Amino acid sequence: MEDMLKEFVVEAIELATNVEEHLLSLERHPDDMQTLNAVFRSFHTIKGGAGFMNLTAMVSACHLTENLFDALRTGQSPVTPLAIEAALQASGFVADQLNQLASGTPSSALEAMPQELEQLLKSAMDDHPIEEKSSAPEPETQLSSSGFASDGIDWEALYKAIVPEGTMPAPITLSVSESGNPSKETARTSGAAWDGAERRKNPDGQARPAGPSLTEDSIRIDAAKLDVLLEVAGESVQAANQASVLLEKLSQFQFEGDAALLISRLAETLGRASRYSTELQRATLATRMQPVGRLFQKFPRLVRELAKELGKEVELIIEGAETEVDRLVVDSLYDPLVHMLRNSLDHGIESAEKRAAGGKPAKANIILKAWQEGSSVMIELSDDGKGMDPHELRNKARSKGLITDSMANTDEEAYQLVFLPGFSTKEVANNVSGRGVGMDVVKTAVEKNRGTIRIASELGKGTCFSIKLPIELSIVPTLLVRTAGTALAMPMAAVERVVELPAEFDEVGGTPVMRDQGRPLSVISLASVLGYPPGMERVGIVMAAPQPYILAVGAIEGTADLVIKPLTALPVTGIAGTARSAEGELVLVISLSYLLDGCKEQQAQSPISLRAAA
């Protein structure tokens, strides 16, 4: 029974999520019969499964909502804002109960359906009451050509909603008794009771073969099993690469006769193994890819309710919902995007009066879009609100003691101040924002997924947040370097380009500085900030950080896609994990967030001792 409940919860959550999306669409297009029928079928399906699982509160909520939408789709009641609000409340209640079940709450501990919800659903129907059934017996009546019986129920429409399209039998005459149930004369043609034979025939009249007509083309797999499979696939690729390196070294020797033949066959076999392991890795990665639309579809209702609470008229426009990204990225982005949307609604979007005074339409737009760019996925959240004032941001941060007078001199640096913990431009906090938490969570979550976030804003025009994330997380493109005799790797997402370091540097405040493309950048020794003895560091790497700088290393040894094993038992500042190079050497992988922050955590503790080649 537990397995059946788990399967029901997974499928019902998906249905409930789709219901919210349909309801918000129905609010804009109330005459869309296809959406009305889809909502009716979803609640009907959830009710059936909930009844089998003995989830009485869920059954009650779905039953009342099903009655409401039966009246809406049969035309007995119009689609009103009250009906949409009632259905949204019902779907929210159902989703809450499903989430509780998914988190391990026993079904016996679920709360009953709130009386307020029951009254709301009944009120939505009472606004346009459905014709009551008479208690006095009446003679059986025939269905009209429109499909409505005298009891006000469209039995033909009900039948069409349940029976798959294309399997309808030939037109028949139904007689409906006073009780609303088909009588004993129901579904007869030419005096014979219909036994479903017509449904078992193909359109050409031939009988369909016995057995199921549809086959399952998908199965549900525990995500943990996919993660294990992906890890094994990554290790197989690394093993194949190491074998290829060993074979290359072995081929430097001279072999004759049978030995030469064996070496040739070994090279051919290793080539096939390498190709197959790479294909296995790609196929496994594909199983973890999910469209971001799965995440985006949760936000229209959030925006609708927050806008209503704040007294603003806002439309959320979603683009690129089909863009695919790693499942872990999708799961981890919900909270950051919620914070960004709340920030945009509360801070960015003006009131209707201020928008009108500024020559803007009363309805504001928030655009959430995604697209693929190389091996990365871009997510952009923009609004047409008031924009950010960099001077106000600096003054607020300085008044709170978050920065000094010499910091955040450029507009781009000022925009980054919103990510500081405790920063907020609101004087009084409300239940939406203003407590100085949220945007720092956004940056932390994005960088945890090896991503970057940028802000562009124009005063009076609006603000745009751009997030760049890797499409998949298990394999990291890295730049291999060596410094102080240690093999290190840094994510390519933080690397802008490689430059040659001069013999001597200018100094500003005791820090070495080098001009790169006309801009002065500070030079930091990688060995020093990681606590290694200073050595000869000949090469500089320009870091693509919010505040660019140059990281000095001993040598560049190439690039590699590495499978990283995180350091869990022994956390080390600046180190994200370990990996194996193609030669089998252990490599320490530097944390992306550490590089983007300018190696600041250790830099204050380790004096910089930079030595360039003479």
Filtered residue count, the range 462-477, keeping only those that are at pLDDT below 90 and more than 15 Å from the chain's Cα centre (by Cα): 4
Among the numbered criteria (1) modelled with pLDDT of 90 or more; (2) closer than 22 Å to LEU24 by Cα, which one does TRP371 miss? (2)
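Over 30 Å from LEU280 (Cα atoms), in a strand (DSSP E or B), open to solvent by 10 Å² or more (accessible area, probe 1.4 Å) and free of Cβ contacts under 8 Å to residues at least 24 places away in the same chain: does that describe PRO512?
On the way: over 30 Å from LEU280 (Cα atoms): yes; in a strand (DSSP E or B): yes; open to solvent by 10 Å² or more (accessible area, probe 1.4 Å): yes; free of Cβ contacts under 8 Å to residues at least 24 places away in the same chain: no.
Answer is no for this residue.
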Matching helices (runs of 4 or more DSSP H) fully within the range 30-110 where at least 3 residues are under 28 Å from the mean Cα position of the chain (by Cα) and within 19 Å of ASN18 (Cα to Cα): 33-52, 81-102
Do the conditions hold for TYR334, that is, is it open to solvent by 60 Å² or more (accessible area, probe 1.4 Å), within 11 Å of the chain's Cα centre (by Cα) and not charged (D, E, K, R)? yes
Criterion violated by VAL329 - all others in (1) β-branched (Val, Ile, Thr); (2) at pLDDT 85 or above; (3) buried (at least 20 other Cβ atoms within 10 Å of the Cβ) satisfied: (2)
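Restricting to strands (runs of 3 or more DSSP E) lying wholly in the range 517-558: which have 1 or more residues that are over 36 Å from the mean Cα position of the chain (by Cα) and basic (Lys, Arg)? Let's see the steps before the verdict.
Details: elements: 519-525, 539-543, 549-553.
Correct list: 519-525.
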Could you please let me know if ALA61 is at pLDDT 85 or above, within 25 Å of GLU315 (Cα to Cα) and buried (at least 17 other Cβ atoms within 10 Å of the Cβ)? no
If we scan the range 285-292, do we find a residue that is assigned to a loop (DSSP other than H, G, I, E, B) and within 25 Å of the chain's Cα centre (by Cα)? yes
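Out of the range 337-353, which residues are in a helix (DSSP H, G or I), open to solvent by less than 30 Å² (accessible area, probe 1.4 Å) and among the aliphatic types (A, V, I, L, M)? Break it down stepwise before answering.
Start the filter on the range 337-353 by keeping residues that are in a helix (DSSP H, G or I), which leaves 337-348, 352-353.
Those still in the list that are open to solvent by less than 30 Å² (accessible area, probe 1.4 Å) too: 337-338, 340-341, 344-346, 348.
Across the range 337-353, the qualifying residues are LEU337, VAL338, MET340, LEU341, LEU345.
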Output the residues belonging to the range 244-274 that are of a type in the set (Asp, Glu) and either within 53 Å of the chain's Cα centre (by Cα) or under 27 Å from ALA233 (Cβ atoms) (or both). GLU248, GLU268
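So, in the range 464-508, of the ones that are of a type in the set (Gly, Ala, Ser) and more than 22 Å from TYR549 (Cβ to Cβ), which residue ends up surrounded by the most Cβ atoms within 10 Å (Cβ to Cβ)?
Step one: of the range 464-508, the residues of a type in the set (Gly, Ala, Ser) are 466, 474, 484-485, 487, 489, 493-494, 503.
Cutting the leftovers down to more than 22 Å from TYR549 (Cβ to Cβ) gives us 474, 485, 487.
On the way: SER474: 19, GLY485: 10, ALA487: 16.
Only one residue fits best here, namely SER474.
Could you count how many residues in the range 534-556 are over 30 Å from TYR415 (Cα atoms) and either small (Gly, Ala, Ser) or at pLDDT below 90 (or both)?
In the first step, residues of the range 534-556 are kept if they are over 30 Å from TYR415 (Cα atoms); the result is 534-539, 553-556.
With the extra rule that they be either small (Gly, Ala, Ser) or at pLDDT below 90 (or both), the set shrinks to 534-538, 554-555.
Number of matching residues: 7.
Within the range 111-124, count every residue that is open to solvent by 60 Å² or more (accessible area, probe 1.4 Å) and not in a helix (DSSP H, G or I). Give the derivation first.
Taking the range 111-124 and keeping what is open to solvent by 60 Å² or more (accessible area, probe 1.4 Å), we get 111-112, 115-116, 119, 122.
Now drop any that are not not in a helix (DSSP H, G or I), which leaves 111-112.
The number of residues fulfilling the criteria is 2.
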Give the residues of the range 271-325 that are farther than 18 Å from GLY385 by Cα and among the basic types (Lys, Arg), sorted by residue number. ARG272, ARG275, ARG282, ARG288, ARG294, LYS298, ARG301
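Which ones in the range 284-313 are touching a residue at least 12 places away in the same chain (Cβ under 8 Å) and open to solvent by 60 Å² or more (accessible area, probe 1.4 Å)? Step through it out loud before you land on a result.
Within the range 284-313, the first condition is being touching a residue at least 12 places away in the same chain (Cβ under 8 Å), and the residues that meet it are 284-285, 287-304, 306-307, 309-313.
Passing the criteria: THR287, ARG294, LYS298, GLU309, GLY311, GLU313.
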Check GLU216, GLU231, GLU235, GLU256 and return the single one that is modelled with pLDDT of 50 or more and either in a strand (DSSP E or B) or exposed (fewer than 13 other Cβ atoms within 10 Å of the Cβ) (or both). GLU256
Which residue, of TYR549, TYR532, is buried (at least 18 other Cβ atoms within 10 Å of the Cβ) and of a type in the set (Ser, Thr, Tyr)? TYR549
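Does PHE69 satisfy the condition of being open to solvent by less than 50 Å² (accessible area, probe 1.4 Å), more than 27 Å from VAL303 (Cβ to Cβ) and aromatic (Phe, Trp, Tyr)?
Numbers: open to solvent by less than 50 Å² (accessible area, probe 1.4 Å): yes; more than 27 Å from VAL303 (Cβ to Cβ): no; aromatic (Phe, Trp, Tyr): yes.
Spelling it out, it is not the case that PHE69 is open to solvent by less than 50 Å² (accessible area, probe 1.4 Å), more than 27 Å from VAL303 (Cβ to Cβ) and aromatic (Phe, Trp, Tyr).
Quick check: anything in the range 354-368 of a type in the set (Val, Ile, Thr) and either in a helix (DSSP H, G or I) or surrounded by fewer than 19 Cβ atoms within 10 Å (Cβ to Cβ) (or both)?
Residues of the range 354-368 that are of a type in the set (Val, Ile, Thr), as a first pass: 366-367.
When the remaining residues are screened for being either in a helix (DSSP H, G or I) or surrounded by fewer than 19 Cβ atoms within 10 Å (Cβ to Cβ) (or both), the result is 367.
For the range 354-368, residues of a type in the set (Val, Ile, Thr) and either in a helix (DSSP H, G or I) or surrounded by fewer than 19 Cβ atoms within 10 Å (Cβ to Cβ) (or both): present.
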Only one of GLY387, GLY358 is closer than 13 Å to PHE465 by Cβ, in contact (Cβ under 8 Å) with a residue 24 or more places away in the chain and touching a Gly at 6+ places or on another chain (Cβ under 8 Å), namely GLY387
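Identify all residues within the range 559-600 that are part of a loop (DSSP other than H, G, I, E, B), among the β-branched types (Val, Ile, Thr) and either out of contact with any Asp or Glu (no Cβ under 6 Å at 6 or more places or on another chain) or modelled with pLDDT of 85 or more (or both); write none if there are none. Working first, answer last.
Taking the range 559-600 and keeping what is part of a loop (DSSP other than H, G, I, E, B), we get 564, 567-571, 573-574, 581-585, 591, 597-599.
Those left that are additionally among the β-branched types (Val, Ile, Thr): 564, 568, 573.
Answer for the range 559-600, where residues must be part of a loop (DSSP other than H, G, I, E, B), among the β-branched types (Val, Ile, Thr) and either out of contact with any Asp or Glu (no Cβ under 6 Å at 6 or more places or on another chain) or modelled with pLDDT of 85 or more (or both): ILE564, THR568.
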Of the criteria (1) free of Cβ contacts under 8 Å to residues at least 12 places away in the same chain; (2) open to solvent by 60 Å² or more (accessible area, probe 1.4 Å), which one GLN372 fails: (1)
Cβ-Cβ under 8 Å pairs, at least 6 apart or on other chains, the range 391-406 side small (Gly, Ala, Ser), far side at pLDDT 85 or above and in a helix (DSSP H, G or I): ALA397/LEU417
Quick one: GLU319 ticks every box in (1) over 19 Å from the mean Cα position of the chain (by Cα); (2) loosely packed, with under 15 Cβ neighbours inside 10 Å bar one, so which box is it? (1)
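The values are calculated or read from the model by the stated rules, or taken from the named source; none is laboratory data. This structure is a prediction, so every number in the text was calculated from the model and none was measured. So basically every Cβ, Gly included, is an ideal-geometry build from the backbone, and we count neighbours across all protein chains shown. Areas reflect the complete protein model, heavy atoms only, side chains present, ligands, DNA and RNA absent. Shrake-Rupley method; radii C 1.70, N 1.55, O 1.52, S 1.80 Å.
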